[in-house]
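Trainee: Got a structure for you, questions after.
The values are calculated or read from the model by the stated rules, or taken from the named source; none is laboratory data. The structure displayed is predicted, hence computed values, not measured ones. Every residue, glycine as well, gets a Cβ built from its backbone with ideal geometry; the counts of neighbours run over all protein chains shown. Each accessible area value is taken on the protein alone, full model and side chains, heavy atoms only, with ligands, DNA and RNA left out. Shrake-Rupley method; radii C 1.70, N 1.55, O 1.52, S 1.80 Å.
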Amino acid sequence: MDADRRLVKALEAANDALQHLSMSPDFGCLDCTHIDRLLARVVDLPTEGNQRNSRRNLLVIRQWMITEGPGVVLLEVLGQLYWRLGELNAKQFEKFKATLQTQQPYLSLVQDTGAVTLVVQRIRHIQRSKAEACQDFLCELSDLTGTKVDSPMADMDMLRTRSSSPFSPSHSAHHSVHSFDSSSSQEEAYTSLVKYVPDSSLSSGDLEQLLFDFFLNGICPGRTPATQTNTYVSLLQTANMCESTKYALLSLSASYIREYLHSDKERYHQAELYYSAQAFQTLGQQISNGENYDAALSTAMLLMHHGAINDSDESGLCWSVHANIFDIIPSEFIDHSSEPALYMRTQLVLARTGQTAHSIQNAPLPQSLETSTRLDAMPNGDAQKICSILGMSPQLVFLISSINSLATENGPNKHMYAQVQETQLQNLRQWTPEPQGDGRDIILATAEAFRLAALIYLRCRLYGLTRFNPAIMELNDALTAVLFSLPVKGHLYTAIYPVWPVFIAAVTANSDKRDCLYQRVVPIREGDKNTLPAVLKRVSGMRIWLAKQDPNSLIRDGWWDEMLLPSSSTIAIPANCLLCLG
């Protein structure tokens with residue numbers, strides 16, 4: 001009777017977990033604390049003699065993951081199942097599995113590619129955390145003993161050769177990293193946005209599989225420090241169901257990987273062009289057929305990302321052209337609260353801060369974006385929730401967009417509306433569901449950098465305060481302090497690094513502080529493809545104009561627009577391409 005009770009309790013724990021998982025179908029809001037704890041033990045089994053029972057139980061779960069799929073470990077999400085399974089004998093465990101196999105929620109879980117992707121991601125996270133913890137401790141010991149500590153890359157290589165991933169970076173891969181202004185080293189190879197590089201010897205195999213794996217292991221970890229949700233990981237699941245998203249993803253992956261695998265650079269470049277063309281073609285057919293509009297937004301997001309980090313001269317298209325999808329898809333079928341939609345809207349909103357009021361008026365946002373704030377439709381608090389791939393909340397994006405709109409107005413109520421926006425910015429409290437840790441701190445600091453930058457932007461553009469105004473100088477000091485606190489390389493440096501706040505800080509700082517800021521972001525400028533180099537180039541073109549400004553002028557209407565004119569720059573400003581500030 002007691003044995004039957006233990007089996008019932010184990011099944012109850014499993015069903016509680018399945019019910020909890022059903023509330024987050026894409027696993028985007030899942031707290032992985034208990035899952036990570038179990039995975040860490042399953043991966044690194046205890047060897048001590050007094051832990052034989054624990055080792056046996058962990059081996060049972062390890063074998064269960066191998067035979068039925070990695071997703072079964074997600075049943076530990078509530079922290080109840082592992083110790084319940086430890087109470088079962090072998091016969092009871094087989095009965096436990098047989099009962100679960102009759103339940104559709106369980107079958108759906110083990111067949112869900114998103115579950116597999118999440119488990120692989122968590123194992124990668126544990127792998128990095130262990131390596132970094134060891135490295136940090138070695139550094140602490142070296143401070144006491146004076147012993148030289150080698151780069152962690154050698155240890156990471158050993159871990160990767162033991163992993164099931166087809167990627168195993170060799171020494172030749174490290175030396176073939178794209179050239180920096182300073183000399184490259186193995187330690188620098190994975191400190192930028194790409195966190196993992198495949199062995200060049202594997203490139204002769206299945207190209208698509210290699211690009212998918214590189215996207216998951218190399219690109220996705222570099223998009224956000226968040227551990228709870230990563231839109232780019234979920235795009236893999238979308239790519240399994242949608243051809244256009246698959247092609248856009250493969251093209252983006254090829255675009256990044258060709259900067260590392262020099263021996264096959266032309267092959268990947270051709271793959272990039274081919275998959276990009278296929279993405280455009282299949283996306284057009286998909287929209288014409290009225291199919292899967294949500295996935296179409298994901299495709300457009302990837303194409304916009306691809307366009308923003310690559311030279312537009314090659315394709316002749318500005319990255320912003322992909323936002324036209326908002327005018328093509330019927331507005332009633334657009335999910336404006338989705339992260340792909342928010343990503344694209346944000347890129348457009350930030351880019352327009354670098355346009356004159358005349359340009360903003362002549363090139364309005366797509367109609368559905370102009371008329372859809374969508375904030376009221378969001379659940380309470382979600383408007384202030386920081387998007388994990390943007391580093392700020394939808395509420396802040398809306399406020400910056402409102403400042404852009406007010407910049408084109410000249411009515412008597414303009415300042416009154418500006419004061420309302422300013423009050424909202426001052427009172428804005430952004431939040432993240434991330435657990436305590438470095439990742440959470442970086443996300444919150446990044447969001448604060450965007451908020452401070454928005455306050456500077458509002459006061460400069462709408463009130464005419466110059467960079468010599470004490471109110472702007474004080475805000476610039478606060479913003480610069482936050483920017484200097486954020487990592488510019490290493491595993492915690494990701495694509496949410498606040499490029500737009502760097503732009504705002506640079507044009508409202510004195511020349512010495514601007515130079516310090518430039519020096520701070522050298523690792524980003526010399527790292528993987530990103531939008532910052534083009535932004536800094538644009539600011540550099542304004543240096544002479546900025547130096548000529550009267551330090552006694554504390555308020556001057558219209559100076560922001562004057563700064564953005566082509567005549568205020570010493571470098572040519574492309575007429576057909578927006579500066580991407582995201």
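Trainee: Mind jotting down a quarter of the surface of the convex hull over the alpha carbons of segment 1-134, in square nanometres, one decimal? Mind dumping the intermediate values first?
Mentor: Details: hull surface 34.1 nm².
If I average the Cα hull's projected area over directions, I get 8.5 nm².
Trainee: Arrange the residues T423, T238, T346 by how much accessible surface each exposes, largest first, with a 1.4 angstrom probe.
Mentor: Working: T423 70, T238 25, T346 5 Å².
Putting T423, T238, T346 in descending order of accessible area: T423, T238, T346.
Trainee: How about segment 528-582: which trypsin sites (Lys or Arg not before Pro) there lie in a loop by DSSP and see at most 13 other Cβ atoms within 10 Å?
Mentor: On the way: sites: K529, K537, R538, R543, K548, R556; in loops: K529, K548, R556.
Answer in residue order: K548.
Trainee: Using protein chains only and a probe of 1.4 angstrom, how many square angstrom of H262 are accessible, to the nearest 10?
Mentor: Roll a 1.4 Å probe over it and H262 shows about 80 Å².
Trainee: How large is the charge dipole for segment 195-334, taken about the Cα centre, if only the Cβ atoms of Lys, Arg (+1) and Asp, Glu (-1) carry charge, to the nearest 20 debye? Intermediate values should be presented prior to the final figure.
Mentor: On the way: 6 positive and 16 negative charges, 58 e Å.
In debye, rounded to 20, segment 195-334 gives about 280.
Trainee: Rounded, prolate or oblate for segment 383-581? Axes are the square roots of the Cα gyration tensor eigenvalues, ordered a ≥ b ≥ c, and the cut-off for rounded is a/c under 1.5. Working shown, then result.
Mentor: Working: a/c = 1.67, a/b = 1.16, b/c = 1.44.
Since a/c reaches 1.5 but b/c is at least a/b, the shape of segment 383-581 is classed as oblate.
Trainee: For segment 237-357, just say rounded, prolate or oblate: build the C-alpha gyration tensor, square-root its eigenvalues into a ≥ b ≥ c, call rounded for a/c under 1.5, and beyond that prolate if a/b exceeds b/c, oblate if not. Provide the component values of the computation, followed by the final result.
Mentor: Values: a/c = 2.07, a/b = 1.25, b/c = 1.65.
It is oblate, given that a/c is not under 1.5 and a/b is not larger than b/c.
Trainee: Under a crude label model (7 Å from the Cα following the beta-carbon direction), how far is T570 from Q92 in nanometres?
Mentor: In this crude label model, T570 to Q92 measures out at 7.8 nm.
Trainee: According to a simple spin-label model (label point 7 Å from Cα along Cα-to-Cβ), what is the distance in nm between D26 and A40?
Mentor: It is 2.9 nm.
Trainee: I'd like the accessible area for M241: 1.4 Å probe, protein heavy atoms, all chains in place, Å² to the nearest 10.
Mentor: Counting only protein heavy atoms, M241 exposes about 140 Å² to solvent.
Trainee: Within segment 420-456, list the trypsin sites (Lys or Arg not before Pro) lying in a DSSP loop whose Cβ has at most 11 other Cβ atoms in a 10 Å radius.
Mentor: On the way: sites: R429, R440, R451; in loops: R429.
Listed in order of number, the matching sites are R429.
Trainee: Here is a follow-up. Leaving out ligands, DNA and RNA, what percent of the accessible area of segment 383-581 is carbon and sulfur, probe 1.4 Å? The partial results should precede the final answer.
Mentor: Working: 4350 of 8080 Å².
Reported share for carbon and sulfur atoms: 54 percent.
Trainee: For segment 321-332, what does the Karplus curve 6.51 cos²θ - 1.76 cosθ + 1.60, with θ = phi - 60°, yield as ³J(HN,Hα) per residue in whole Hz, taken in order and with x for Gly and Pro?
Mentor: So the J values, rounded to whole Hz, are 4, 6, 6, 4, 4, 5, 8, 8, 6, x, 4, 5.
Trainee: Tell me, what % of the accessible area of segment 195-334 is carbon and sulfur with a 1.4 angstrom probe? Could the numbers behind the result be given before it?
Mentor: On the way: 2420 of 5130 Å².
Here it works out to 47 percent.
Trainee: Okay, next question. Can you put I555, I456 in order of accessible area, largest first, using a 1.4 Å probe?
Mentor: Descending accessible area places them as I555, I456.
Trainee: Let me ask something else. Could you sort K95, K9 by their accessible area in this structure, using a 1.4 Å probe and putting the largest first? Display every interim value, and only then the final one.
Mentor: Details: K95 120, K9 70 Å².
I get K95, K9, largest accessible area first.
Trainee: Further, regarding this structure: Spin-label point model (7 Å from Cα, Cβ direction): what's the F333 to L59 distance in nm?
Mentor: Between F333 and L59, the simple spin-label model gives 5.5 nm.
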